[in-house]
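Only one structure is covered here, and it is reproduced in the block below.
The values are calculated or read from the model by the stated rules, or taken from the named source; none is laboratory data. Because the structure is a prediction, the values reported are computed rather than measured. Reconstructed Cβ throughout: ideal geometry from the backbone, glycine too, with neighbour counts over all protein chains shown. Surface accessibility is based on the protein's heavy atoms, side chains included, excluding ligands, DNA and RNA. Shrake-Rupley method; radii C 1.70, N 1.55, O 1.52, S 1.80 Å.
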Amino acid sequence: MKNYNSIIELPSRLAIFPLTGAVLFPQTQLPLNIFEPRYIQMIDEVLSTPDRIMGMIQPNLSKTDLKSNELKKVGCAGRISSFSETGDGRYLVTLTGLIRFEIAQELDTTTPYRQIMTNYENYQEDLKPSNTENIDRKNLLFLIKKYLEQKNLLIDWEIIEQSPTEQLINYSGVLVPFEAEEKQLLLETKTLFERCKTLESLFQSYQFQNTQDTNSTKLH
């Protein structure tokens, strides 16, 4: 896959796929099952472009307005790195994260899917290798393991232990079943170090909640 060294090389106009609870981080992969006709058309048209880049973003749904068309301010651009067509007309797509973006403007278009103009300025560091020297990997692994045990999630621990630190952090944001707002919080953290600290806080809060629930059950 092509390496992008500058935001100048990236498309400023993106087709977007708004999906609650689905976030993409730089250097991670997100599998997508595309079946709605408007998004099948979107994939067709993105595949016809030289870079095959589209944007993932979460809708900004409030508890009082679940049909709102508003979007979160930050999403992530990704390249369709693989795809296959199914017999029933769906696309199975793998999206590889490149760089986060802010919405500069949503465009009025004739396409059934939404398109935006992006602003990559605040996330240029996403295109560079991350510094993980100041991250406490041992503590992070401890918290991940504790969380998996509490949730009874079966994961190949050897693979996790061998994963680079950046992937441990970013794939936690993609794969761990956090709430949509928690995933967005992780996505919007500026640096990998800050994301790790936020991730650790989330794991610790779930651990605390689990302890409270266990104690409450014992009392009853």
Quick check: is even one residue across segment 1-16 at pLDDT 95 or above, in a strand (DSSP E or B), open to solvent by less than 10 Å² (accessible area, probe 1.4 Å) and of a type outside the set (A, V, I, L, M)?
-> no
The one condition Ile159 fails out of (1) open to solvent by 20 Å² or more (accessible area, probe 1.4 Å); (2) under 26 Å from Ala15 (Cα atoms); (3) not charged (D, E, K, R) is (2)
Scan segment 179-194 for residues that are over 20 Å from Asn60 (Cβ atoms) and outside any loop (DSSP other than H, G, I, E, B) and jot them down.
-> Leu192, Phe193, Glu194
Which ones in segment 162-178 are surrounded by 13 or more Cβ atoms within 10 Å (Cβ to Cβ) and assigned to a helix (DSSP H, G or I)?
-> Thr165, Glu166, Gln167, Leu168, Ile169, Asn170, Tyr171, Ser172, Gly173, Val174
Residue check for Lys197: open to solvent by 80 Å² or more (accessible area, probe 1.4 Å), of a type in the set (Lys, Arg) and either outside any strand (DSSP E or B) or under 30 Å from Arg38 (Cβ atoms) (or both) = yes
